Amino acid sequence: MLRKKSATTSVRRLSASLPLGQADGLDRRTFLRNSGVSAVAAGLMSGPLVTRRASAQNAQAPEPPQLKKTVCPYCAVGCSLWAEVENGVWIGQEPAFESPVNMGTHCAKGAAAREQAIGERRLKYPTKLVGGQWVRVSWEEAIEEIGDRLLSIREEMGPESVYWLGSAKFSNEMAYLCRKFAALWGTNNVDHQARICHSTTVSGVANMYGYGAMTNSFNDIHNAKSIFLLGGNPAEAHPVSMLHLLRAKENGAKLIVVDPRFTRTARHAHEYVRIRPGTDVAFMWGVLHHILENGWEDQEYLGRRVFGFDEVRREVQNYPPDVVEEITGIAAEQVERVARIISENRPGTLIWCMGLTQSHIGNSKTRAASTIQLALGNIGKVGGGANIFRGHDNVQGATDLGLMCHSLPAYYGLTEDAWRHWCRVWDLDYEWVKGRFASQDLMEGQGMPVSRWFDGVLEPAENIDQPNPVRGMIFWGHAPNSQTRNPDLVKGLNTLDTLVVIDPHPTLTAVLHDRTDGVYLLPATTTMEYSGSVTNSQRAVQWREKVVDPIFDAKNDYEIAYLLARKLGFADELFKHIGIEDGEPVAEDITREFNRGTWTIGYTGQSPERLKRHMANQDKFDTTTIRGVGPVEGEFYGLPWPSWGRPEMGHPGTHILYNTDLPVAEGGLPFRARWGVEHEGQNLLAEGSYTRGSELTDGYPEFTYAMLYKLGWNRELTEREQLIIAAIAAERFEHDMFDISEVAAKERLDEILASVRRPSGDVEQVPRSRSGQRKAAAATEIYERFDPEESGEDEEDSGSRDQQGSGGQDTGTADFGGGGERSAENELEGDFVDRLMKVNWKTDLSGGIQRVAIAHGCAPFGNGKARTVVWNFPDPVPVHREPLYTPRRDLVERYRTYDDRRDYRLPVLYWSIQQVDYTGEFPMSLTSGRLVEFEGGGDETRSNKWLAEFQQQMFAEVNPQDAVAAGVSNGEFIWVLTPEGSRVRVAALVTPRVGPGTVFMPFHFGGVYQGKNLADRYPPGTVPYVLGEACNTVSTYGYDVVTFMQESKATLCRIEKA
Amino acid sequence: MARMKFLCDAERCIECNACSTVCKNEHQVPWGMLRRRVVTLNDGDPEERSIAISCMHCTDAPCIAVCPVSCIYQTDTGIVLHDKDLCIGCGYCFYACPFGAPQFPKATNFGSRGDMDKCTFCAGGPEADNSEEEYLKYGRNRIAEGKLPLCAEVCSTRALLAGDGAIVADIYKERVVKRGYGSGAWGWSTAYYGPLMGE
């Protein structure tokens, strides 16, 4: 490649004084239209351009630029890009045409990724607030002071009073590390953005299919014949996914977009459905009503693979066409047409985003959508699927790695068994970890979700189920304006003892409060300044290469975690098996550590070596099937989880979940047998449906050692695998067993067995239990129904409170070594045998149970039915409930919300809010959404000059009819006011994009608060280029009944001319 | 000899602004200047269409015809470039251009508006290819590096095509044939259910 000169090592300066948020035009693109005639910036080629590649005088022989491949740090599509680095400076970016995900393409954000890593508005050095002034401090001083403050909170109030708010921007390694960090600090008050973007998806879908994730891939959408898009606007939120959607459309797929707003995606739809905010369940049941009425459902599929559909049939009867039209505002003919399109064009994909999830009945909405796909037989099919587009670049990975207040990594939950499992992986004494917590109850109880952390500060202590309110808050890569109820959040910030922001930018957190002390800002690098893996929406794991060293005085997240852990006194435990090089934890070691523990979701096969091989061979993958050739023969791109077993097993990853057309070893799967084997006398296992090549040709429960034993397959375990299984049962697992030789394993196994052998003579005195007798019969009949009375070894948790009791584990006495052939004098202790039999595919650290199951063509997680009745949720079958702040008071009585409740350590309001009628003062609906140039709270993207220029003005979209009524014309400022008493001053964008009575605002702005500009509160040199009112200043109360997802898409408002 | 062309497929453009942004990032185009922009017509209306616009490197470029100092010229592959050392910033080219391509660094009238700047098809200017002088005045010369304009290379939906006009036309032709309906480039009838599916 030709390069003309060496790079400068100086960071570019933008000398022009930039217009901050005062563009006079108010149409989104006005400045674009004007730019040809009214260019405003300073010296064209004399300024910034010069600095980019101005010659470095000291350069002798110009070195060719190095190329580093990284993954775009914005959305969950996961686009690769090439970074050109010269003399340690990132000088340019080139398309990665070979990436099967983006094939070289980007949206505005990806196109400006370089600026994120070199941007001059970043936070440059550790800073603290002293008497209202920002003061630069050294890293040592900052860590020392923060540590002392947190330790004193711990001392006085307990570990639960510090909240560790992590980030979906973390690499998988950092997400895992952060979760472990909080665990060793001794709290479950840890969370990240998934709570407020797709938590209802994860819990809803996991409770139906088994896993809470996108089932197919962006690439597989090419095969869809219809695309049913609800509450999503990929043209702005996931622009590169449109590469795949439009390809499907040009292949003949029909595109349906359902949204209160005629989005940029809707413009490409064959059918645009304008829905009243919050009425998605009614709409979907209306669609299903037509499907069932016409017999369009896939009855064979439902019979073999789905549980509880009759209850759905009954519920759907309550949503005939006229009722649906009344609730949703959608014409009955259109609902019927939608039903016809998706029925006649199968396989079809159903895509949803935050329009569905962010609701107080979000879990019901995601389940209704998942139910439609089951009815049509679209799940587990090429071209089908519930394709949930996740938000941030690694929100899928951070969720998978347990950066949540209700689970340990890989959805193991918080039970004692889950803790014991992770303590084995961490090589830490369970009792020591328990001692870090205030109590075992708190250790096993859900923490407080990010959506309500400030309620954890503000609620009176007696209202909170933990010893004391939150007093220390760490925002580690999280914006405050992505959470609703900002006025309450501000009070929370003001009430804290200590507020720490760890971020490449000061973020709105640094300026939103009225504090004068006790605030620390630590400059973190972007994720492009360190390496690690990242999981995109389609569960594909990609390895990011570090592009450049941290700029300014920033440090990467791993190093900051290390510094803090050292100060807080648990670095040795946190990094017990993680190497530290030059003061920085080694990313690959962290990957290998979670590879060893994440059996539930198959993050075990994705070793750093395999991931790097995929990145180096991106061009070897087909762009539709994502299957590789050559060095990655037969593997799916990014080893989409589950990639079962240990890495050396070479599982190719699972491109399409629940696809029975492939053997499990090649990426096939049935539905997961997650809820036991029967419910109220009905079979929960699949009937006559199984993956290709399965030796068990009907449903079967989850694999346990007992099941292997019954099938006689336990003989196929290697000595190492047997040793690890026995050691776990005997609670004698040691870390060196992971890679022990076969010979040594045999010795150790004998040792363990000797220690648990029953003293001779004891045998006769121990009466055999019922299950023991059954075991003695050594029945290998696997259809026999296992006793559900025994609870599982560890209760995996899928996003929130999940299934109660999985059943499915057999118990009882048996001999170790197979087949019940050992004689009585070799009998092992009953307790040990019980525990041995319960070691299962999730807790077996050897991977042996998974390996053997897969060798026989079986799925480790069993072969169950998807369930359409989630009996452990408040609404087992989804029902429509009006938003808490609804404009339709006439519907409240019939579609009332829940009674007030308690959960996640906090009280939560429903009926006490809904019962009040606010429609007199606030007659309009308010909804929110995204813009393509910005992401999340926008602190990063509004500080990126290439992006900021394209969106300089916060606005509210108002229908022309409403604008006339309010006497407002396009571009004028208005106040948007909401029932909880707050208001924002924004520009009116008068457009038919929203229907009459609906107001839309984007949520990426911040830095102006209820009319007051906060620019002077930022540390010098860090003010984002664009400031604006945060939409969430006026968003209102409302939380999903299962996950505490915030309600941000349906509330009430009024507009007034400003 | 190939003739270089841009074509924006309005049935695919989603107004993601990748083209405009990457252009600024690549050539360090200052705030307020846009060599490429996305224009949306009928914003928020069912007939909404977006299209990316820049210098179209016209075959018979009006800017060349009107430039009083003849600083604008066309390369043998049809790329329209100009010489900033000769440019007097008069703005005639701006008035002549049907696409609003010429940009000026200062928002004042006559003389003081500065040298014209516009899309170079990522082909630099009259200076030696990949020389520092060329880079400082016109940005990067990707054509000389054997690459295509970056805006088209990164277009999220492959709406924006750039390159040899014959090949661009073939790609586009194939799409229109595949879509199988009359209005092709604009496809006015497709936003709502009806003609396409209701037959």
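Of the residues making up the stretch B:116-162, those that are closer than 30 Å to A:Glu250 by Cα and part of a strand (DSSP E or B) number 3. Of the residues A:Gly166, A:Gly232, the single one that is within 14 Å of chain B (Cβ to nearest Cβ), in contact with a His (Cβ under 9 Å, 6 or more places away or on another chain) and among the small types (Gly, Ala, Ser) is A:Gly232.
Taking the listed residues A:Trp946, A:Trp975, the one that is over 30 Å from B:Pro30 (Cα atoms), in contact with an Asp or Glu (Cβ under 9 Å, 6 or more places away or on another chain), assigned by TED's automatic domain parsing to the domain that holds A:Pro923 and not in a loop (DSSP other than H, G, I, E, B) is A:Trp975, with no other qualifying. Out of A:Gly792, A:Gly805, one residue alone is at pLDDT below 85, on the phi > 0 side of the Ramachandran plot and part of a loop (DSSP other than H, G, I, E, B). It is A:Gly805. With respect to the conditions (1) of a type outside the set (Phe, Trp, Tyr); (2) within 22 Å of the chain's Cα centre (by Cα); (3) not in a loop (DSSP other than H, G, I, E, B), A:Met615 lacks only one, and its number is (2).
If you go through the stretch B:121-128 one residue at a time, do you hit one that is within 8 Å of chain A (Cβ to nearest Cβ) and at negative phi?
No.
Scan the stretch B:1-25 for residues that are facing chain A (nearest Cβ under 7 Å), in a helix (DSSP H, G or I) and not polar (S, T, N, Q) and the total you get is 3.
Scan the stretch A:448-476 for residues that are in a helix (DSSP H, G or I) and modelled with pLDDT of 95 or more and the total you get is 7. Which count do you get for residues in the stretch B:37-58 that are more than 10 Å from chain A (Cβ to nearest Cβ) and either in contact with a helix residue (DSSP H, G or I) (Cβ under 6 Å, 6 or more places away or on another chain) or surrounded by fewer than 22 Cβ atoms within 10 Å (Cβ to Cβ) (or both)? Result for the stretch B:37-58: 5. Considering each residue of the stretch B:86-103 in turn, at least one proves to be facing chain A (nearest Cβ under 8 Å), touching a Leu at 6+ places or on another chain (Cβ under 9 Å) and buried (at least 18 other Cβ atoms within 10 Å of the Cβ). Out of the residues in the stretch A:247-290 that are crowded, with 24+ Cβ neighbours inside 10 Å and polar (S, T, N, Q), which is nearest to the other protein chains (Cβ to nearest Cβ)? Across the stretch A:247-290, the extreme among qualifying residues is A:Thr265. A Cβ distance below 9 Å, combined with a sequence gap of six or more or placement on separate chains, defines the contacts here; from the stretch A:641-656, residues that are touching a residue at least 12 places away in the same chain (Cβ under 8 Å) reach residues that are assigned to a loop (DSSP other than H, G, I, E, B) and of a type in the set (Lys, Arg) in the pairs A:Trp641/A:Arg539; A:Pro642/A:Arg539; A:Arg646/A:Arg596; A:Gly653/A:Arg539; A:Thr654/A:Arg539; A:His655/A:Arg539; A:Ile656/A:Lys381. Checked against (1) of a type in the set (A, V, I, L, M, F, W, C); (2) more than 22 Å from A:Gly231 (Cα to Cα); (3) not in a loop (DSSP other than H, G, I, E, B), A:Phe922 meets all criteria but (3). What about A:Gly384, is it at pLDDT 95 or above and either part of a loop (DSSP other than H, G, I, E, B) or of a type in the set (Asp, Glu) (or both)? When the stated conditions are applied, A:Gly384 passes them.
Residue pairs whose Cβ atoms lie under 8 Å apart, sitting 6 or more positions apart in sequence or on different chains, and linking a residue in the stretch A:411-428 that is in a loop (DSSP other than H, G, I, E, B) to a partner that is small (Gly, Ala, Ser), are A:Tyr412/A:Gly402; A:Tyr412/A:Ala418; A:Leu414/A:Ser407; A:Leu414/A:Gly445.
The values are calculated or read from the model by the stated rules, or taken from the named source; none is laboratory data. Fair warning: this is a prediction, and the values are worked out from it, not measured in the lab. Positions of Cβ are generated from backbone atoms using ideal geometry, with glycine treated the same way; all protein chains shown enter the neighbour counts.
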